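Working notes, structure below.
The values are calculated or read from the model by the stated rules, or taken from the named source; none is laboratory data. All values derive from a computational prediction rather than experimental measurement. All Cβ positions, even for glycine, are placed from backbone atoms using ideal geometry, and neighbour counts span all protein chains on display. Areas reflect the complete protein model, heavy atoms only, side chains present, ligands, DNA and RNA absent. Shrake-Rupley method; radii C 1.70, N 1.55, O 1.52, S 1.80 Å.
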Amino acid sequence: MVLARREVRVSDSFENLTFATRWLGRPREHWAELGSTNDRATAWARAGAPHGALVTADAQTAGRGRLGRAWASESGEDLYVSAILRPAPGKAIGALGLAVGVGLREGLARWLPAAQLKWPNDVLVAGRKLAGILCEARWVGTSPEVVVGFGVNVGRALFPGPLAQSATSLRRELEAAVPSREEVLAQVLPALERALDAFFAGGFAAIRGRYEPHCALVGRAVLVDMSNGTGPKEQATALGLADDGALLVAPADGGPPRRVESGDVWLAP
Ligand code: BTN
């Protein structure tokens, strides 16, 4: 295999970890440094990698977030993970990222039981972002091929610039007994597999009760951007989630409840 200059495969304790999963993380490849684990997983998927295949990296040089944002990935102390998922043809997968959020939050709850989900799929602690999820899908005939990437801030103590106010890590939240990246991954993957099994069997409706009680937005005043940054933010109150994962909001101007299916939502200041 020809590797890009900075893309270095390693064999170390992280690569040799095993997980209490049935299918998630089998097979897995670990890299010292990649551009983006999502890009590597996409290339691997196109080369035929199976459902459950997983890419991890110590660091990324071009980590990506939702809506074209960057994901700071240089520390070598955090988790950068991408899974290849091949849902059965005909399954609704629009809420797959919400299911990943459910699994991630449930895995991280071992250390941070108060962790919350900010729709669609950020994991927050006391309003600061601990983990983020990026889902990218394409169709191969009638079959979806999905790469689900997530980053978890584990060992990082300091964040640059505006992230100093908006981001957090397990290290920042837990003064002692901070778990290693290996322990976090070993806890998160089985939880993620359970959430995905439930989602693939019953859709988002099957796990809505595992999302909504932990949603940081429900019952709160929010600002909604349904225009991907091109229009004004609308004031509303978040009411809950629909069975297909849409966020239901009551507009502040009194109109009928509306469904938010994409875009971004913030807690109103
Ligand atoms: C977000 O909150 O906007 C999503 C962040 C997703 C970051 C992860 S890190 C592993 C994977 N590789 C990437 O380039 N992005 C995702």
### Query
Based on what the data block shows, is Val81 at pLDDT 95 or above and assigned to a helix (DSSP H, G or I)?
no
## Note on the structure
Expected single match for assigned by TED's automatic domain parsing to the domain that holds Ala191, of a type outside the set (A, V, I, L, M) and closer than 18 Å to Glu193 by Cα among Gly90, Gly94, Gly48, Gly35 is Gly94
### Query
Pairs, please: C-beta under 7 Å, at least 6 apart or cross-chain, first residue of a type outside the set (Val, Ile, Thr) and in the range 55-73, second part of a helix (DSSP H, G or I)?
Ala57/Thr37; Gln60/Thr37; Arg64/Asn38; Ala72/Leu163
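Restricting the search to the range 99-118, which residues are open to solvent by less than 10 Å² (accessible area, probe 1.4 Å) and within 14 Å of the ligand (Cβ to nearest atom)? Steps first, answer last, please.
Residues of the range 99-118 that are open to solvent by less than 10 Å² (accessible area, probe 1.4 Å), as a first pass: 99-104, 107-108, 115, 117.
Result: Val100, Gly101, Leu104, Leu117.
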#### Entry: All positions within the range 31-45 that are more than 11 Å from the ligand (Cβ to nearest atom) and in contact (Cβ under 8 Å) with a residue 24 or more places away in the chain
Trp31, Ala32, Glu33, Trp44, Ala45
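Which residue out of Pro213, Pro162 is open to solvent by 50 Å² or more (accessible area, probe 1.4 Å) and farther than 27 Å from Leu85 by Cβ?
Pro162
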### Task
Kindly indicate which of Arg66, Arg28 is among the basic types (Lys, Arg), over 15 Å from Val140 (Cβ atoms) and either outside the structural domain of Tyr80 (by TED's automatic domain parsing) or near the ligand (Cβ under 10 Å from one of its atoms) (or both).
Arg66
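Might you let me know whether the range 217-226 holds any residue that is open to solvent by less than 20 Å² (accessible area, probe 1.4 Å), of a type in the set (D, E, K, R) and not assigned by TED's automatic domain parsing to the domain that holds Phe150?
Within the range 217-226, one or more residues are open to solvent by less than 20 Å² (accessible area, probe 1.4 Å), of a type in the set (D, E, K, R) and not assigned by TED's automatic domain parsing to the domain that holds Phe150.
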### Query
Does the range 189-209 include one or more residues that are surrounded by fewer than 19 Cβ atoms within 10 Å (Cβ to Cβ), closer than 18 Å to Asp122 by Cα, in the same structural domain as Tyr80 (by TED's automatic domain parsing) and modelled with pLDDT of 95 or more?
yes
### Query
Under the condition of being closer than 19 Å to Gly263 by Cα and open to solvent by less than 30 Å² (accessible area, probe 1.4 Å), which residue from the range 119-129 is modelled with the lowest pLDDT?
Asn121
### Index of the failed condition, Lys91 passing every other in (1) within 14 Å of the ligand (Cβ to nearest atom); (2) in a loop (DSSP other than H, G, I, E, B); (3) among the charged types (D, E, K, R)
(1)
